[in-house]
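K.L.:
Could you have a look at this structure, given as structure tokens, before my questions?
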Amino acid sequence: MRSRLQHASAHAVLRLLALALTATALVVIAPRAAQAAGLVSECKAYSTACISFSGYAGKSVWGYPVNASGNNCVNYVAYRLARNGVRQESGMGNGGQWATSAKSRGYTVDKTPRTGSIAQWSYGSAYAPSAGHVGYVEEVTSSYIAISDSSWGGGYSSRWRVYKGDRNWPSNFIHFKDQAYQAPRSGSFLRVRETNEVYRLVGSAPIYTSTWTGLGGTQPTHLISSTTLASMPARLAEGTFIRGAQRNEVYRVVGGAPVYVYTWSAFGGTQATTKVDQYAIDKAGAGGHWNHLRARPAEGTLIRGGQRSEVYKVAGGAPVIVTSWDNVGGKRTSMTVDQYAIDKAGSATRYNHLSYRPLDGSYVRGYTTKKVYLMKGGIAHYVYSWDQVGGTVQPTTLVDQVAVDKAGTASPLYWTHIKDKAVL
């Protein structure tokens with residue numbers, strides 16, 4: 001609960017904001033002082049701007065009307081339900097009638113919020129005493145829920161959160177067809193409420209943004225909870241192209257890691273990219289918020305050099321040549337990369353997301369011979385017994401035995417990704 005001094009300060013801040021933002025259509029505002037920390041407004045616009053992220057454009061859905069600004073709580077909720085695949089449910093009445101109407105049509109109505117459920121306020125409720133209200137539950141955490149909604153009488157759209165125990169908590173939750181969190185479009189920026197960290201969406205995955213430099217300065221952000229962030233994809237989709245904002249370098253995500261693109265010729269021409277913080281690329285896999293990209297492709301990832309069509313298997317972070325699909329257990333899907341990223345692996349910052357040779361301490365196993373090798377100094381040391389390395393069986397990556405047998409051969413270049421072979 002805020003002190004009286006804090007309340008007074010909040011009122012003063014709100015008055016200043018109101019004066020400064022009267023000409024602004026989209027307003028991100030502080031908590032309403034009357035409700036203290038129990039109800040926090042995150043976006044309010046006298047248009048549909050705060051809910052346009054969902055694709056809502058203020059058009060009538062299922063016969064529900066909209067006002068001049070395109071707003072109406074029941075119409076917005078109908079739009080979200082239709083988008084989620086719910087059959088048409090017209091004639092549900094005002095927001096205050098929705099719980100009764102939904103229950104009569106066979107839908108579950110209870111006191112438990114779920115992402116994608118409909119928050120409903122009954123007639124006489126503290127939040128909407130006259131006509132009731134409905135809103136869409138965007139997020140559910142252990143302490144609060146986040147809601148997006150639209151108002152016929154107020155003529156605005158909004159996004160806000162309400163904490164458990166607050167008098168403005170919804171009367172009911174209606175479960176038409178609950179859905180997982182639906183993120184804004186790719187390229188949007190997200191800010192985590194609990195940590196203030198900023199991420200950029202690339203597809204449906206978040207990439208950490210440590211600075212606005214190179215991204216056009218400070219950008220609008222869409223607030224999300226740490227719970228929602230944790231539920232989002234841990235890695236970018238395979239094959240995604242990203243561009244570092246500060247150095248304008250292009251990378252392709254392969255095995256969860258950014259692999260440098262020197263030329264578009266490897267991919268049949270220029271491809272669409274999403275600009276991200278270069279630090280997120282350079283610090284990939286460094287821990288915490290940097291882990292939405294790996295430092296190097298996942299073990300066993302198959303890559304194909306676009307210019308020479310050579311196939312490699314990533315082992316110990318390095319590309320190991322595959323001379324025949326039979327030598328690695330049959331044909332698999334491979335991801336095209338720039339051949340320069342393979343040939344120059346490990347030679348400079350941009351090329352360091354592949355090692356030239358398998359990292360020390362990694363183990364490879366010849367698929368056809370089942371022989372195990374410990375990598376040290378780029379040399380494959382034959383291990384005839386696990387007792388030689390402490391007795392514990394270690395994870396191995398299956399590789400083409402020919403790549404080990406011809407290790408160190410000077411030409412073609414692909415043999416040199418293993419320096420030599422020896423006996424441990």
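Only the coordinates and a few stated rules stand behind these numbers; no lab work does. The shown structure was predicted, so the numbers you read here are calculated from the model rather than taken from an experiment. Methodologically, a virtual Cβ is constructed for each residue, glycine included, from the backbone with ideal geometry; neighbour enumeration extends over all protein chains shown.
K.L.:
What does the charge add up to near Val140, with Lys and Arg as +1, Asp and Glu as -1, over the other residues with Cβ less than 11 Å from its Cβ?
P.N.:
0
K.L.:
Something else about it: Return an integer: the convex hull volume of the alpha-carbon atoms of the stretch 363-423, in Å³ per residue.
P.N.:
On the way: hull volume 4.4 nm³, N = 61.
With only Cα atoms used, the stretch 363-423 gives 72 Å³ per residue.
K.L.:
Using only the alpha-carbon atoms of the stretch 79-131 as identical scatterers, what base-10 log of I(q)/I(0) does the Debye formula give at q = 0.13, 0.17 Å⁻¹?
P.N.:
Treating every Cα as an identical point scatterer, log10 I(q)/I(0) equals -0.33, -0.57.
K.L.:
For the chain, list the cysteines whose Cβ sits under 4.7 Å from no other cysteine Cβ?
P.N.:
Cys73
K.L.:
Let me ask another. Quick one: what does P(r) look like for the chain with 20 Å bins over all Cα pairs, in whole %?
P.N.:
Going out from 0 Å in 20 Å bins, the chain shows 23, 39, 26, 11, 0 percent.
K.L.:
Which of Val364, Thr100, Ala272 sits closest to the plus end of the dipole of the chain, meaning its Cα is farthest towards the positive end, when Lys and Arg get +1 and Asp and Glu get -1 on the C-beta?
P.N.:
Farthest towards the positive end: Thr100.
K.L.:
With a sphere of radius 15 Å drawn around the Cβ of His381, what net charge do the other residues whose Cβ falls strictly inside it have (Lys, Arg +1; Asp, Glu -1)?
P.N.:
On the way: positive: Arg357, Arg365, Lys371, Lys376, Lys419, Lys421; negative: Asp360, Asp387, Asp405, Asp420.
Value of the local net charge: +2.
K.L.:
Ignoring solvent entirely, what values of log10 I(q)/I(0) come out of the Debye formula for the stretch 314-424 at 0.16, 0.17, 0.22 Å⁻¹ when each Cα is a single scatterer?
P.N.:
-0.70, -0.79, -1.25
K.L.:
Calculate the length of the line joining the C-alpha centroid of the stretch 225-282 to that of the stretch 78-156, in whole Å.
P.N.:
38
K.L.:
Right, another one. Helix 73-83 versus the longest principal axis of the chain: what is the Cα-based angle in degrees, 0 to 90, to the nearest 10?
P.N.:
In the chain, helix 73-83 runs at an angle near 30 degrees to the longest axis.
K.L.:
If R0 is 45 Å, what FRET efficiency do you get for Ser231 and Ala410 from their C-beta distance, rounded to 0.05? Spell out each step's value before the answer.
P.N.:
Numbers: r = 50 Å, r/R0 = 1.12.
E between Ser231 and Ala410, to the nearest 0.05, is 0.35.
K.L.:
Here's another thing I want to ask about it. Can you give the log10 of the normalised intensity I(q)/I(0) at q = 0.22 Å⁻¹, computed with Debye over equal Cα scatterers of the stretch 47-191?
P.N.:
-1.61
K.L.:
Using Cα atoms only, what is the angle between the long axis of helix 4-21 and the major principal axis of the chain, expressed in degrees (0 to 90) to the nearest 10?
P.N.:
Its long axis makes an angle of about 80 degrees.
K.L.:
In which sequence would Ser309, Ser334, Ser265 go, from the one with the fewest C-beta neighbours within 10 Å to the one with the most? If you can, show how the numbers build up before the last one.
P.N.:
On the way: Ser309 10, Ser334 18, Ser265 13.
The order, fewest Cβ neighbours first, is Ser309, Ser265, Ser334.
K.L.:
Something else: So how do Ile118, Ile174 line up by other beta-carbon neighbours within 10 Å, fewest first? Walk me through the numbers on the way to the answer.
P.N.:
Working: Ile118 31, Ile174 24.
Going from sparsest to densest Cβ surroundings: Ile174, Ile118.
K.L.:
Still on this structure, I have one more. Whole Å is fine, so just give me how far the alpha carbon centre of the stretch 296-340 lies from that of the stretch 356-424.
P.N.:
Between the Cα centres of the stretch 296-340 and the stretch 356-424 lies a distance of 16 Å.
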